[in-house]
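The values are calculated or read from the model by the stated rules, or taken from the named source; none is laboratory data. Note that the coordinates shown come from a computational prediction; the quantities given were computed from them, not determined experimentally. Don't worry about glycine lacking a Cβ; one is built from the backbone with ideal geometry, like all the others, and counts go over all protein chains shown. Only protein heavy atoms, including side chains, enter the accessible area calculation; ligands, DNA and RNA are left aside. Shrake-Rupley method; radii C 1.70, N 1.55, O 1.52, S 1.80 Å.
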2 protein chains.
Amino acid sequence: MGRRSAGLTEGVEPHIVDDLSAFKLAFRRHAAGVAIVTGRTPDGAPVGFTATSLASLAAVPPLATFNMARISTAWPAVEGPHPSGSEHVIIHLLGARNRALAERLAGPHGERFTGDHWAPGPLELPLLKGVPAWMLGRVVERVPVADNAVVVVQIEDGGLGADDAPLLYHERSYQAPGGPLS
Amino acid sequence: MGRRSAGLTEGVEPHIVDDLSAFKLAFRRHAAGVAIVTGRTPDGAPVGFTATSLASLAAVPPLATFNMARISTAWPAVEGPHPSGSEHVIIHLLGARNRALAERLAGPHGERFTGDHWAPGPLELPLLKGVPAWMLGRVVERVPVADNAVVVVQIEDGGLGADDAPLLYHERSYQAPGGPLS
């Protein structure tokens with residue numbers, strides 16, 4: 001499993017012998033925009049995480065997707081209808097000036113919401129300050145796959161901050177685009 | 001629907017009044033890595049498209065996701081088990097040198113596989129030449145949402161070509177990262 005005859009790709013490209021290496025080596029050559037997803041657990045605690053999987057799915061209706069681990073502290077905010085009724089998250093699109101924010105929301109859980117870098121926003125959800133753009137999304141699908149989940153949200157609202165170059169993650173470092181290719 | 005009281009975000013950020021504008025304006029500030037997904041329709045025709053939605057979902061097992069329209073000419077290659085038995089696609093990670101390839105696979109369908117920029121690869125799937133990395137993925141989930149679908153693939157194999165800066169799409173132009181932020 002996870003192995004094909006090397007002969008299949010002979011003469012085309014060097015071959016990677018196992019599935020995990022193929023995955024890791026390929027994604028090392030990928031670059032992704034950086035977002036932060038925030039929400040509230042059923043007991044009201046602010047939770048969130050830095051995500052490199054945000055993608056648009058459709059414009060009409062406006063739909064987006066992101067991926068997450070179901071062991072994430074933020075999963076209870078996304079998992080399903082709660083007595084509190086919230087099925088919403090805020091997705092923040094980060095700019096180059098937001099690198100510290102990306103690092104903080106990928107760091108120790110106890111420190112992610114300690115400070116004045118956020119305030120309650122729409123539906124009392126944690127709204128991070130100083131980002132170029134954010135969207136309020138209603139969770140419309142959760143697709144568990146292994147220990148993870150694909151989450152589909154329908155965008156209902158949003159706001160813009162000062163413009164900025166988008167923050168990228170590539171080769172384990174934060175970067176920004178270098179401008180249009182000539 | 002798609003509207004919240006403007007009062008909710010007062011004093012935080014300018015407000016966007018409708019859901020579609022919120023979605024479009026936010027994603028305009030996003031940057032994404034560029035990939036090309038290829039496959040074969042049940043009758044054997046090569047199909048493929050340029051995607052800016054590729055994301056990793058898990059490392060063990062190695063899983064990735066991408067989004068597509070179900071009206072895409074490539075949908076029959078992904079849609080479900082065929083008599084031909086193929087449920088695989090090849091995902092190519094593009095480099096800055098592959099911009100013409102990205103444009104071709106986003107252009108007129110009749111011209112996407114006309115030329116010698118590809119050859120049959122693993123499982124006879126179309127393998128594009130000269131890309132930094134590619135992965136063979138078995139389709140394990142298809143999640144229809146509105147006219148679109150989220151596709152989950154398990155990576156089974158792959159290959160590497162010459163290294164390159166990853167190709168990005170931002171503000172309707174192809175770009176490359178500008179290097180680590182200082």
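Spin-label pair B:Ile71-B:Asp43: with each label point 7 Å from Cα along the Cα-Cβ axis, the two points sit 2.1 nm from one another. Using the rule -39500 (n - 2.57) for each DSSP H run of four or more residues, divided by the residues of the protein assembly as shown, the 222 nm mean residue ellipticity is -2500 deg cm²/dmol.
Taking other residues whose beta carbon is less than 11 angstrom from the beta carbon of B:Val140, and scoring Lys, Arg as +1 and Asp, Glu as -1, yields -1. Which value does Rg/Rh take for the protein assembly as shown over its C-alpha atoms, Rh per Kirkwood? On the Cα set of the protein assembly as shown, Rg over Rh gives 0.97. Along segment A:39-52 the Karplus relation, 6.51 cos²θ - 1.76 cosθ + 1.60 evaluated at θ = phi - 60°, assigns HN-Hα couplings of x, 10, 6, x, 8, x, 6, x, 9, x, 7, 7, 10, 10 Hz to successive residues, with x for each Gly and Pro. Sorted into 10 angstrom bins from 0, the C-alpha pair distances of segment A:19-169 split as 11, 42, 37, 10, 1 percent. The figure for B:Thr73 is an accessible area of roughly 60 square angstrom, using a 1.4 Å probe on the protein chains alone. With the simple model of a label 7 Å out from the Cα in the direction of the Cβ, B:Val60 to B:Thr114 spans 4.9 nm. Assuming a ≥ b ≥ c are the square roots of the Cα gyration tensor eigenvalues, decide whether segment B:92-177 counts as rounded (a/c under 1.5), prolate (otherwise, with a/b larger than b/c) or oblate. Cα axes put segment B:92-177 in the rounded bin. On a per residue basis, the protein assembly as shown carries 40 Å² of accessible surface, using protein heavy atoms and a 1.4 Å probe. Measuring r between the beta carbons of B:Val140 and A:Lys24 and using R0 = 25 Å, the FRET efficiency lands at 0.85.
Please list, by residue number, every one of the GluC sites (Glu not before Pro) in segment A:121-182 that is coil in DSSP and has at most 16 other beta-carbon atoms within 10 Å. Please list the in-between numbers first.
Values: sites: A:Glu124, A:Glu141, A:Glu156, A:Glu171; in loops: A:Glu171.
Here the GluC sites (Glu not before Pro) that fit, given the DSSP loop and packing criteria, are A:Glu171.
For segment B:47-111, the Kirkwood hydrodynamic radius from C-alpha pairs, put into Stokes-Einstein at 20 °C and a viscosity of 1.002 mPa s, yields a diffusion coefficient of 159 µm² per second.
For A:Asp116, the accessible surface of its heavy atoms amounts to roughly 120 Å² (probe 1.4 Å, protein chains only, rounded to the nearest 10). Put simply, chains B and A cover up around 7200 Å² of each other's accessible surface, both sides summed, when a 1.4 Å probe is used. Cross-link partners for A:Lys24 among the aspartates and glutamates, with Cα-Cα distance under 13 Å and sequence neighbours closer than 8 places in the same chain left out: A:Glu171, B:Glu156, B:Asp157.
Largest accessible area first, the listed residues A:His92, A:His117 line up as A:His117, A:His92 when surface is computed with a 1.4 Å probe on the assembled protein chains. For segment B:19-169, the carbon plus sulfur part of the accessible surface works out to 53%, probe radius 1.4 Å. Residues of segment B:60-78 whose accessible area (probe 1.4 Å, heavy atoms of protein chains only) drops by at least 40 Å² once all protein chains are present, relative to their chain alone: B:Pro62, B:Asn67.
To the nearest ten degrees, helix A:19-28 and the longest principal axis of the Cα atoms of chain A are 60 degrees apart.
Summing charges over neighbours of B:Thr73, with a neighbour being any other residue whose Cβ is under 13 Å away from its Cβ, gives 0 when K and R count +1 and D and E count -1.
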